[in-house]
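What follows is a short report on a single structure.
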Amino acid sequence: MEEQTLRYYIKIFSILFIFIFIILFVYFYILLNKNILFTQDQFSIEKGEKLEQVIKNNVKNLSIIDINLIKIYYRINNIINKKFIHYGEFNNENLNSLIEFLNLIYEPGNVLNKITIVEGWSSNNLQNEFLKYFKNPIHIPYENIIADTYYFDKHTSFDTFIKDIYRINKLYFDSHKNSELLNKYSQKEIMVIGSLIEKEGFDTEDKKLITSVILNRLNRNMKLQIDATVLYAITNGKYDLKRKLLLSDLKIEHPYNTYLIKGLPPKPISYVGKKTLDLIFENYKSDFLFYFYNNSLKRHIFSKTYNEHKKKLSEYRNKK
């Protein structure tokens, strides 16, 4: 008799347990998938902030019971799936349900800061841009960064941001390791060539032809005679000369003055963009050795010989 009673109670308990489990499961399902109201479209989670506080700060229509059940769900998810909330900036504008909200904060913040490093920028330009996002950023050498747009979380440290940029730089040059140019020039020299092109060229076609002129002159051991290097030398890289270059400027003794030195300057004179590097590795061939800027046509005029160059330059000056 006692054994039958025990079996009866066990059966009742089991049914009750299953019933409660089903009720909880259904409630969890409804809770996680029901439409919820957010306090704002964009929010932040600070480092060390607890899930309960995150929910209370950002979700309107949840009860204390709901929040406690979500905490249980979160702990189970944390143990089984190793999921935990991230700190950062989040945009929940297109979210409707609690499960979507939780899945959002399980990942790093989806609101990112953006820095666009413009090709041809000076180090001062970049420093001023860095100061908008980081405290006490250090100056980064021209040869270490490829000018491009970079995204980062607002909690990212300057050191982490720069390491990521260095990694991207390395990956880019690794992808061109079989280029014939990298067999002839170092990565730093490629960046120097790129910086000259950034300061001299205007559009893709213009930069492509100037690239060919620079490489042709280097191959023939000719002086590059690029005005931008003189401007860099005179202004110490600030490019703030408030007058035109004079003939006497071209004679200034300076390691960056390509009217006096042969070959490339010791370092780049600006930041170099990826598109310009792509043009360099394209290794476009031409027979041009000379060019000048025609202000009337708003473009450079290229020549194959010095006599041709002098003739075109004379015709341009006589028309002015």
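The values are calculated or read from the model by the stated rules, or taken from the named source; none is laboratory data. Here the structure is a predicted model, which is why all the values come from computation and not from measurement. With ideal geometry, Cβ positions are generated from the backbone for all residues, glycine too; neighbour counts draw on all protein chains shown.
Before moving on, here are some points about what is shown:
- Within region 29-63, tally of residues that are β-branched (Val, Ile, Thr) and assigned to a loop (DSSP other than H, G, I, E, B): 2
- The number of residues in region 252-273 that are under 33 Å from the mean Cα position of the chain (by Cα) and surrounded by 15 or more Cβ atoms within 10 Å (Cβ to Cβ) comes to 12.
- Qualifying residue in region 136-156 (condition: at pLDDT below 85, surrounded by 14 or more Cβ atoms within 10 Å (Cβ to Cβ) and not assigned by TED's automatic domain parsing to the domain that holds residue 207): yes
- Between 284, 316, the distinction of being modelled with pLDDT under 95, among the aromatic types (Phe, Trp, Tyr) and not in a helix (DSSP H, G or I) belongs to 284 only.
- Answer residue from region 240-251, given it is loosely packed, with under 14 Cβ neighbours inside 10 Å and touching a helix residue (DSSP H, G or I) at 6+ places or on another chain (Cβ under 7 Å) and is modelled with the highest pLDDT among those: 245
Conditions (1) of a type in the set (D, E, K, R); (2) touching a residue at least 24 places away in the same chain (Cβ under 8 Å), marked per residue:
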site: 4; (1), (2): no, no
site: 31; (1), (2): no, yes
site: 41; (1), (2): yes, yes
site: 46; (1), (2): yes, yes
site: 49; (1), (2): yes, yes
site: 78; (1), (2): no, no
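- Some residue of region 137-145 being farther than 30 Å from residue 190 by Cβ and in contact with a Phe, Trp or Tyr (Cβ under 9 Å, 6 or more places away or on another chain): no
- In region 99-134, the qualifying residues are those that are hydrophobic (A, V, I, L, M, F, W, C) and surrounded by fewer than 19 Cβ atoms within 10 Å (Cβ to Cβ), and the one that is farthest from the chain's Cα centre (by Cα) is 99.
- Among the residues making up region 54-72, a single one is surrounded by fewer than 14 Cβ atoms within 10 Å (Cβ to Cβ), farther than 15 Å from residue 92 by Cα and touching a strand residue (DSSP E or B) at 6+ places or on another chain (Cβ under 9 Å): 61.
- Being of a type outside the set (Phe, Trp, Tyr), out of contact with any Leu (no Cβ under 6 Å at 6 or more places or on another chain), surrounded by fewer than 20 Cβ atoms within 10 Å (Cβ to Cβ) and in the same structural domain as residue 304 (by TED's automatic domain parsing) is true of residue 222.
- Scanning region 232-247 for residues that are in contact (Cβ under 8 Å) with a residue 12 or more places away in the chain and charged (D, E, K, R) gives a single hit, 238.
- Just so you know, in region 202-231 the residues that are of a type in the set (D, E, K, R) and in contact (Cβ under 8 Å) with a residue 60 or more places away in the chain include one that is farthest from residue 294 (Cα to Cα), and it is 220.
- Candidates 96, 91, filtered to the one that is closer than 30 Å to residue 157 by Cα, surrounded by 13 or more Cβ atoms within 10 Å (Cβ to Cβ) and in contact with a strand residue (DSSP E or B) (Cβ under 7 Å, 6 or more places away or on another chain): 91
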